[in-house]
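Student: Quick one: the structure is below, and I'll ask about it shortly.
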Amino acid sequence: MDKKEILKEFSSDPDRYYKVKLFEEQGFIRKSCLKCKRFFWTLDSGRNLCPDDADDTYSFIGDPPTTKRFDYTQAWKEVESFFVKNGHTSVSRYPVVCRWRDDLYFTIASIVDFQRVMGSKVVFEFPANPLVVPQTCLRFKDLENVGVTGRHFSSFCMIGQHSIPNAQGYWKDECVDLDFRLLTNQFGIKKEEVVFVEDVWAGGGSFGSSLEYFVRGLELGNAVFTEFQGELGKHTTLDQKIIDMGAGLERFAWITMGTPTAYDCCFGPITNKLFEKIGINSDSQLLKKYFTEIAKGLEKFDDLTEVRKYAVKNVGLTEDQVNRIIIPLEGIYLITDHLRTLIFAISDGALPSNVGGGYNLRMILRRVIATMNRMNLKLDLDELIDTHIDYLKETYPELNSSREDVKIILRIESRRYEESKSRMQKMASNLKEKEKAPSVDELITMYESDGITPDYLKELGVISEIPSTFYAKLSDLHQSEKKNKVQKLPLDNLPETEMLFYKEDPMEFEAKVLSVFDKSIVLDKTSFYARGGGQEPDYGTIGNFKVMDVTKHGAIIVHELEGGIPNEGDIVKCKIDSLRRNNITKNHTSTHILNSSARNVLGSWVWQHSAFKEADHARLDITHHSQLSENEINEIENVANSIIKKDIPVSIDNFDRGTAEKKYGFKIYQGGVVPVKLVRIVSIGDFDVEACGGTHVKKTGDIEIIKITKTKRIQDGVVRIEFVSGQTAFDYIKQKNIDNIKNEQESAEKEQSQNQRDIQKIKTLEKIPILLEQISRHTNGSAIIDEIYIDVKNSIKFCLSFSDQYNEFFHINFGKKLVKENKMATYVGVFETGDTIRIIVYSGEDASKTKNAGNIAKAMAEILGGTGGGDTKFAQGGGKDTSKKDEAINKAKTMILE
Ligand SMILES: [Zn+2]
Ligand SMILES: [Zn+2]
């Protein structure tokens with residue numbers, strides 16, 4: 001929808017869309033900006049320019065317009081107490097990992113907390129009306145601005161003021177009135193300073209007018225009145241109108257403090273600590289001037305480099321000042337901001353990785369490390385995490401309990417980064433040699449496939465600037481998951497299937513065939529569990545036909561059959577393979593038990609990533625940073641089996657979604673988003689509570705036993721646990737024991753024969769010197785010593801052995817030593833291995849001149865029907881014709897002695 005068109009339409013009838021009671025009561029004047037023509041409302045008759053174009057833009061820096069000073073924590077207290085005083089319920093923040101929406105990884109606005117997707121429609125579910133919430137939001141689109149502009153954060157607190165106009169809630173008049181009083185009464189801003197700008201909002205098929213409110217050019221909040229749906233002109237009014245007022249808490253703090261940047265008053269003591277460390281005074285006049293110019297520059301230029309140039313020039317900073325003050329300052333802000341984001345994200349169960357939203361987290365941690373390296377800063381991340389959480393815990397007490405977990409994850413991730421550096425360095429230096437700088441797409445590929453961040457390339461001087469579109473592009477790529485296309489079946493006019501597996505769950509029942517198409521049928525009711533939530537479907541029979549697959553399409557269950565198909569209108573007898581179902585059920589409850597066991601053993605970051613439950617095996621993929629150790633596997637298994645031993649009842653209750661979320665938190669969404677209003681909560685005592693549509697045992701004891709069969713790190717940040725339960729587990733253990741015994745026996749036998757061989761070798765080695773001694777004493781004629789034939793003729797000494805008592809090891813060792821001691825000696829060893837006769841020939845230094853070992857081996861091998869060769873001093877050969885053994889030996893004899 002074209003926002004410009006809507007704005008034009010609404011602004012042409014301001015009385016209807018924008019003029020609230022407050023404007024009338026207070027005497028606000030509606031004006032059109034002399035520069036940009038936008039319409040705004042003000043009490044200052046002299047004001048002719050909209051906030052973006054006015055001269056007083058960002059004049060609050062160094063001169064705050066409020067009577068009181070509040071930092072980030074105090075600012076929220078002021079906002080909260082104001083709204084609570086005025087009838088609002090203060091709701092705790094929702095997780096920054098958006099578990100209740102499968103189209104978002106991270107919570108990007110406060111209104112997202114209350115949106116639930118049902119089919120293609122977004123519905124609103126408010127836990128109270130009206131309400132206010134300090135929602136931490138994560139946005140990775142403009143990371144390059146963070147630390148530089150003074151007002152961009154990778155995570156920020158959106159003050160959400162939300163109302164549905166009904167008996168409890170309110171609409172435009174009261175909303176704007178409240179916001180005005182918040183600024184003027186609670187924060188002490190002069191009425192004349194507040195400017196409301198007319199705007200519109202459109203998204204997700206609906207739209208409405210909005211009023212942005214500014215003080216001194218700083219947009220503090222935007223009240224959106226979502227009122228219509230459809231195309232402009234053909235639009236209708238929504239059944240449920242919504243007020244979505246979002247305001248930046250960081251900005252509220254900033255405007256009261258008038259510090260050079262919003263960072264200076266929103267991170268608590270951490271920034272000052274760091275400034276002290278590097279010796280910067282953040283309160284200097286120079287910085288106030290610089291960041292005021294930055295703010296003005298941001299209105300003038302799109303490109304951040306231009307904005308910086310503009311500010312540097314207008315303030316008259318020298319290059320030395322930029323390098324000494326501005327660049328280190330930006331670095332400190334970046335480190336502080338990114339760490340705060342990581343604390344929120346990891347506390348809420350996200351892990352840095354190279355998949356999904358984890359990409360962004362890994363990216364910002366790597367930016368932190370690269371910045372520290374670039375600035376040569378030796379900072380203790382653990383200490384910074386503590387300082388952050390100590391400050392944040394007043395507003396967000398839940399962060400306190402994940403302190404250690406955040407440290408563990410950051411330690412592991414930092415180490416991983418350092419480990420991958422040498423590889424990254426190599427790739428970077430290759431890049432440096434190329435003439436052309438990498439494109440944005442190439443940079444993205446490099447990060448995705450090798451984890452090389454552009455910050456790192458900048459650190460190494462491969463690129464001079466990070467392209468301004470890089471982070472936006474990366475963030476778009478990893479903002480949401482792609483959904484599977486749903487297959488379209490002819491189910492349009494069919495009623496919902498009565499799901500017996502959620503009721504009495506009979507294993508045999510009768511049902512009526514409502515529809516038949518292809519190989520599939522739809523019944524009026526069924527107890528066949530349809531594939532879903534990682535649970536495999538039930539098999540069995542319908543009529544005389546085998547059930548091959550069962551799937552769920554909305555509230556209609558489709559059975560795929562084999563061998564034939566009943567007719568529409570038939571009453572059919574249905575029978576479920578109950579043994580299979582029982583095994584699947586055990587495995588399903590087991591995944592819940594293992595999931596919580598793994599979380600207890602490993603850490604709070606463990607979530608179910610996905611699961612699969614068949615009758616004879618199952619697997620649970622969990623989010624975890626490293627491969628599991630043997631110890632961890634045993635511990636998880638032990639915790640799981642202790643839960644089975646306790647025989648805890650598994651209870652199933654249906655709750656209204658909002659009630660369930662409130663009662664149990666978002667940990668219930670282990671299996672993903674639940675697209676229905678009524679959620680089925682499966683609780684194993686208070687050990688594990690999950691929203692789940694699967695089948696479950698009555699008591700944990702029914703599972704009997706869980707056995708983990710294999711674990712594997714299947715992707716970055718995800719570990720697969722394969723397991724079996726019940727009888728399958730017993731069978732598995734039994735087979736495993738048999739295998740173990742067999743293996744032990746085999747390895748014992750192996751060891752024994754190896755031992756014997758070793759003893760034999762030692763014996764042989766011991767024997768060699770004695771034999772050599774005896775042989776060297778023999779100087780003429782032939783003799784046999786210990787089955788070695790010796791013949792000496794014309795001082796040529798010929799030795800030959802082919803006795804079974806000598807093996808290859810002997811021939812090699814003996815022959816070598818013999819010819820070393822007797823330079824006129826030649827040695828021939830003959831032995832059998834398998835069906836081959838092998839020959840080893842050594843010829844001494846002097847003998848080899850006339851008695852060529854290579855020739856001898858070759859000649860012998862030829863007789864044996866094989867091949868042989870080597871050099872004059874050492875040769876080998878062999879052949880298979882065992883009947884020619886004597887002939888070969890005689891050949892050697894004649895070659896050597898005649
Ligand atoms: Zn303007
Ligand atoms: Zn489940």
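Student: Quick one: would you say residue 261 is open to solvent by less than 10 Å² (accessible area, probe 1.4 Å) and of a type in the set (S, T, N, Q)? Steps first, answer last, please.
Tutor: Details: open to solvent by less than 10 Å² (accessible area, probe 1.4 Å): yes; of a type in the set (S, T, N, Q): yes.
It is true that residue 261 is open to solvent by less than 10 Å² (accessible area, probe 1.4 Å) and of a type in the set (S, T, N, Q).
Student: Something else about it: Examine segment 19-35 for a residue that is open to solvent by less than 30 Å² (accessible area, probe 1.4 Å), over 17 Å from residue 175 (Cα atoms) and not in a loop (DSSP other than H, G, I, E, B), and state whether such a residue exists.
Tutor: no
Student: Condition (residue is surrounded by fewer than 20 Cβ atoms within 10 Å (Cβ to Cβ) and not polar (S, T, N, Q)) applied to segment 332-355: is it met by at least one residue?
Tutor: Scanning segment 332-355, I find at least one residue that is surrounded by fewer than 20 Cβ atoms within 10 Å (Cβ to Cβ) and not polar (S, T, N, Q), so the answer is yes.
Student: Moving to a separate point now. With 850, 836, 779 as the choices, which residue is surrounded by 14 or more Cβ atoms within 10 Å (Cβ to Cβ) and either hydroxyl-bearing (Ser, Thr, Tyr) or out of contact with any strand residue (DSSP E or B) (no Cβ under 8 Å at 6 or more places or on another chain) (or both)?
Tutor: Of 850, 836, 779, the one residue that is surrounded by 14 or more Cβ atoms within 10 Å (Cβ to Cβ) and either hydroxyl-bearing (Ser, Thr, Tyr) or out of contact with any strand residue (DSSP E or B) (no Cβ under 8 Å at 6 or more places or on another chain) (or both) is 836.
Student: Restricting attention to segment 501-511, does a residue exist that is touching a residue at least 40 places away in the same chain (Cβ under 8 Å), within 16 Å of ligand 2 (Cβ to nearest atom), in contact with a helix residue (DSSP H, G or I) (Cβ under 6 Å, 6 or more places away or on another chain) and in a loop (DSSP other than H, G, I, E, B)?
Tutor: Within segment 501-511 (the criterion being touching a residue at least 40 places away in the same chain (Cβ under 8 Å), within 16 Å of ligand 2 (Cβ to nearest atom), in contact with a helix residue (DSSP H, G or I) (Cβ under 6 Å, 6 or more places away or on another chain) and in a loop (DSSP other than H, G, I, E, B)), the answer is no, since none of the residues qualifies.
Student: Hey, another quick one. Give segment 439-464 a look and list any residue that's touching a helix residue (DSSP H, G or I) at 6+ places or on another chain (Cβ under 6 Å) and outside any helix (DSSP H, G or I), or say none.
Tutor: Scanning segment 439-464 gives 452, 453, 460, 462, 463.
Student: Sticking with this structure for a sec: So which residues in segment 686-741 are within 16 Å of ligand 2 (Cβ to nearest atom), farther than 19 Å from residue 604 by Cα and within 33 Å of the chain's Cα centre (by Cα)?
Tutor: 692, 693, 694, 695, 696, 697, 700, 703, 706, 723, 725
Student: Looking only at strands (runs of 3 or more DSSP E) that fall completely inside segment 66-142, which ones have 1 or more residues that are open to solvent by 20 Å² or more (accessible area, probe 1.4 Å) and not basic (Lys, Arg)?
Tutor: Hits in segment 66-142: 115-118, 121-124.
Student: Same structure again: So which residues in segment 1-15 are in contact with a strand residue (DSSP E or B) (Cβ under 9 Å, 6 or more places away or on another chain) and either of a type in the set (Ser, Thr, Tyr) or under 16 Å from residue 225 (Cα atoms) (or both), if there are any at all?
Tutor: Once the filter is applied, which keeps residues that are in contact with a strand residue (DSSP E or B) (Cβ under 9 Å, 6 or more places away or on another chain) and either of a type in the set (Ser, Thr, Tyr) or under 16 Å from residue 225 (Cα atoms) (or both), segment 1-15 yields 3, 6, 7, 9, 10, 11, 14.
Student: Kindly list, by first and then second residue, each pair from a residue in segment 35-63 that is touching a residue at least 40 places away in the same chain (Cβ under 8 Å) and more than 9 Å from ligand 1 (Cβ to nearest atom) to a residue that is of a type in the set (S, T, N, Q) and open to solvent by 40 Å² or more (accessible area, probe 1.4 Å), limited to pairs with Cβ atoms under 9 Å and residues at least 6 apart or on different chains.
Tutor: Every condition considered, the pairs that remain are 39/32; 43/26; 62/285.
Student: Could you go through segment 585-601 and let me know if any residue there is hydrophobic (A, V, I, L, M, F, W, C) and touching a Lys or Arg at 6+ places or on another chain (Cβ under 8 Å).
Tutor: Looking through segment 585-601, none of the residues is hydrophobic (A, V, I, L, M, F, W, C) and touching a Lys or Arg at 6+ places or on another chain (Cβ under 8 Å).
Student: Taking segment 517-536 as the search range and keeping residues that are touching a helix residue (DSSP H, G or I) at 6+ places or on another chain (Cβ under 9 Å) and without any contact (Cβ under 8 Å) to a residue 40 or more places away in the chain, which one is nearest to ligand 2 (Cβ to nearest atom)?
Tutor: Of the residues in segment 517-536, the ones touching a helix residue (DSSP H, G or I) at 6+ places or on another chain (Cβ under 9 Å) are 525-530, 533-536.
Within this subset, residues satisfying the condition of being without any contact (Cβ under 8 Å) to a residue 40 or more places away in the chain are 525, 530.
Values: 525: 23, 530: 14 Å.
Ranking the candidates gives 530 first.
Student: Now, a different point. Pick from segment 177-216 the residues that are open to solvent by less than 10 Å² (accessible area, probe 1.4 Å) and of a type outside the set (A, V, I, L, M, F, W, C): which of them is nearest to residue 40 (Cα to Cα)?
Tutor: Looking at residues that are open to solvent by less than 10 Å² (accessible area, probe 1.4 Å) and of a type outside the set (A, V, I, L, M, F, W, C), I get 198.
Student: Quick one: count up the residues across segment 36-52 that are open to solvent by 40 Å² or more (accessible area, probe 1.4 Å) and either within 16 Å of ligand 2 (Cβ to nearest atom) or farther than 15 Å from residue 7 by Cα (or both).
Tutor: Narrowing segment 36-52 to residues open to solvent by 40 Å² or more (accessible area, probe 1.4 Å): 36-39, 44-46, 48-49, 52.
Adding the requirement that they be either within 16 Å of ligand 2 (Cβ to nearest atom) or farther than 15 Å from residue 7 by Cα (or both) leaves 44-46, 48-49, 52.
Here the count works out to 6.
The values are calculated or read from the model by the stated rules, or taken from the named source; none is laboratory data. The shown structure was predicted, so the numbers you read here are calculated from the model rather than taken from an experiment. We place every Cβ from the backbone using ideal geometry, glycine too, and count neighbours over all the protein chains shown. Please note that ligands, DNA and RNA were not included when accessible areas were found on the heavy atoms of the full protein model with its side chains. Shrake-Rupley method; radii C 1.70, N 1.55, O 1.52, S 1.80 Å.
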